[in-house]
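Chemist: The structure that follows is given in the form of structure tokens.
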Amino acid sequence: MDDRKHKNHKGIYEYYAKHPESADEKIFGRVSYPDRRGFLKGAGLATMAAVLGGAIPFHRNMPAGIIPAAFAEGLDDIMIEGKEGLTVLNDRPMNAETPPHLLNDDITPTSRHFIRNNGIPPTAVNPEHWTLTINGLVDKPLTLSIGDLKQNFDVVEQQLLVECGGNGRAFFDPKAKGNQWTYGAVACSNWTGVRLADVLKAAGVKDGAVYTAHYGADKHLSGEEGKLPISRGLPIAKAMGSENLIAFEQNGKPLHPMNGAPLRLVVPGWPGSCSQKWLTRIQVRDQIHDGPKMTGTAYRVPNRPIAPGEKVANEDFEIIERMPVKSLITSPQTNTQVHGSEVLVRGHAWSGDRKVDKVQVSIDFGATWMDAKLSAPSNEGAWQTFNTKVKFPQAGYYEVWAKAIDDHGISQPFAIAWNPKGYLNNTFHRVALVVKG
Ligand SMILES: Nc1nc2c(c(=O)[nH]1)N[C@H]1C(S)=C(S)[C@@H](COP(=O)(O)O)O[C@H]1N2
Ligand SMILES: [Mo]
């Protein structure tokens, strides 16, 4: 299995013809130029030069709308500014995942943090003028600048796991609609910010509070004013956990524009959709939030195992809360040849709101398992890293499987119950190796 086969090799000409603005966005990353109607129609010569790797001495001769031949090979993953090696699954909205072997670092570099957008990110963001409002069922509604957050609250740095609820969707049969995430809609960066709980406490959460509602500055794909792409929330008890951050830095720098700059929630171990990006407001509610993507089949699963393809009544769905125990093999890369008879297997494991107790590795399709060495999480909400040396008895084709077991004794399953939207796939990660001996 080749990672590349999942790539969306869309020709750049076709792409520019259909979606000039999103093509710009994909190629040049952040849309920080106020007046962009397709890069190739005008502005941004400096950016183009940066992407091409040099200034363009004859730029005055370039016909309007010409696409640099350097790009004629098609869109490749390297072209999201500040991102490297991501596999683009969708261009509008932008969705891109990270191949497992690029997630080998203990702390995920920003350049390798996946992107999951439901709408169109805000442009021309100014962190100086950004505000966050806390309102609803609180004693004292607050409107805070990022400076206020830094000044009035403890600033903490935490390594926190973000995983999309749909990570692994590609492996459901029958197929579930939505982005066909394979393994890489997960990351564990270092986030700097203030605790969500501290800010809620400062506003004074009133008796009767049930749920938060999160709002961001991104726009609905339709462009319709006031229509939100996504607004999700948390049960108050979870929101009050010390693990959740309102973050303004990612790996020691301002957030990447696609990861929510200048301000976002990071709610580790719960569906990534709880971690509102481009965060502008948190409302405290006396009932479960009902914003876009909180209801119907969005981030909800049937309350019982169902047959593949079975229709389920709306009232039989429940909101996904913590993400299940899971592991990912980040080295070796799948489909590599091993020269010699042993290899070091390395990866990460996590279980939402819990610790992982054990990771086991198998090279014989699950007949026997060996315990891997497993690190403690660097803080609550971080993934744990495992490694073990495996020895192959002879040359040939092997699959390395990993299985994590959490501190409640719950293990990753070999197979998972089907659900209509393809959420929560935590089956074993399997890596193919050809041992040459
Ligand atoms: N405002 C806003 N916040 C959002 C989203 C979005 O589309 N808009 N997507 C959510 C989903 S579904 C996920 S999985 C995470 C992904 O975070 P990332 O793009 O930084 O990896 O952001 C969440 N926060
Ligand atoms: Mo997500």
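Read-outs: derived from the displayed coordinates by stated rules, not from any lab. As the structure is a prediction and not an experimental result, all values here were calculated from the model. In this analysis, Cβ positions are derived from the backbone assuming ideal geometry, glycine residues included, and neighbour counts consider all displayed protein chains.
Chemist: Determine, for 80, 405, the number of other Cβ atoms within 10 Å of each Cβ, and report the residues in order from fewest to most.
Modeler: 405, 80
Chemist: Net charge around residue 388, counting only other residues with Cβ within less than 11 Å of its Cβ (Lys, Arg = +1; Asp, Glu = -1)?
Modeler: +2
Chemist: OK, next. Which value results for Rg/Rh of the range 325-435 when Rg is the Cα radius of gyration and Rh the Kirkwood radius based on the inverse mean 1/r?
Modeler: For the range 325-435, the value is 0.99.
Chemist: Grab the alpha carbons of the range 111-215, take their convex hull, and tell me the volume per residue in Å³.
Modeler: 151 Å³
Chemist: What are the residues whose amide H is under 5 Å from the amide H of residue 281, where those residues sit 5 or more places off or on another chain and H is modelled from the backbone?
Modeler: Those qualifying (amide H under 5 Å, at least 5 residues apart or on another chain) are 133, 215.
Chemist: Right, another one. For the pairs 293/421; 140/253; 253/389; 326/373, flag any whose C-alpha to C-alpha distance is greater than 24 Å.
Modeler: Long pairs (Cα-Cα over 24 Å): 140/253; 253/389.
Chemist: Would you compute, for the Cα atoms of the range 87-319, the largest minus smallest coordinate along each principal axis and list the three values in descending order, in whole Å?
Modeler: 50, 40, 35
Chemist: Show me 238-247, 214-223 ranked by packing, highest mean number of other Cβ atoms within 10 Å first.
Modeler: Ranking the peptides 238-247, 214-223 by packing returns 238-247, 214-223.
Chemist: Which whole-Hz couplings ³J(HN,Hα) result when phi for each residue of the range 119-132 is put into the Karplus expression 6.51 cos²θ - 1.76 cosθ + 1.60, θ = phi - 60°, listed in order with x for Gly and Pro?
Modeler: With coefficients 6.51, -1.76 and 1.60, one gets x, 9, x, x, 10, 6, 7, 10, x, 5, 9, 6, 10, 10 Hz.
Chemist: Using only C-alpha positions, report the orientation-averaged shadow area of the convex hull of the range 252-327, nm², one decimal.
Modeler: 7.6 nm²
Chemist: For a distance above 27 Å, tell me the whole-number percent of Cα pairs in the range 233-383 that qualify.
Modeler: Everything past 27 Å amounts to 43 percent.
Chemist: Quick one: what are the phi-derived ³J(HN,Hα) couplings along the range 413-424, Karplus 6.51/-1.76/1.60 with θ = phi - 60°, whole Hz, x for glycine and proline?
Modeler: Going residue by residue, I get x, 6, 9, 10, 4, 6, 9, x, 9, x, 8, 6 Hz, with x marking Gly and Pro.
Chemist: For the peptides 100-109, 408-417, what is the packing order when you average, over each peptide's residues, the other Cβ atoms within 10 Å and list the highest mean first?
Modeler: With the highest mean Cβ count within 10 Å placed first, the list reads 100-109, 408-417.
Chemist: For residue 372, what residues show an amide H to amide H distance below 5 Å, using hydrogens built from the backbone and excluding near sequence neighbours?
Modeler: HN-HN under 5 Å from residue 372: 359, 360, 361.
Chemist: Additional query: Taking amide H positions as placed in the peptide plane 1.01 Å from N, state which residues far from residue 330 in sequence (5 or more) or on other chains have amide H under 5 Å from it.
Modeler: Excluding prolines and chain starts, which carry no amide H, the hits are 346, 347, 348.
Chemist: Which peptide among 133-142, 309-318, 182-191 comes first, and what is the full order, when sorted by highest mean count of other Cβ atoms within 10 Å? Intermediate results must be reported in sequence, preceding the final value.
Modeler: Details: 133-142: 16.1, 309-318: 11.2, 182-191: 24.8.
In descending order of packing, they fall as 182-191, 133-142, 309-318.
Chemist: Using θ = phi - 60° and the Karplus curve 6.51 cos²θ - 1.76 cosθ + 1.60, what whole-Hz ³J(HN,Hα) does each residue of the range 380-390 get, with Gly and Pro shown as x?
Modeler: Once θ is set to phi - 60°, the couplings for the range 380-390 become 4, x, 9, 6, 10, 10, 10, 8, 7, 8, 10 Hz.
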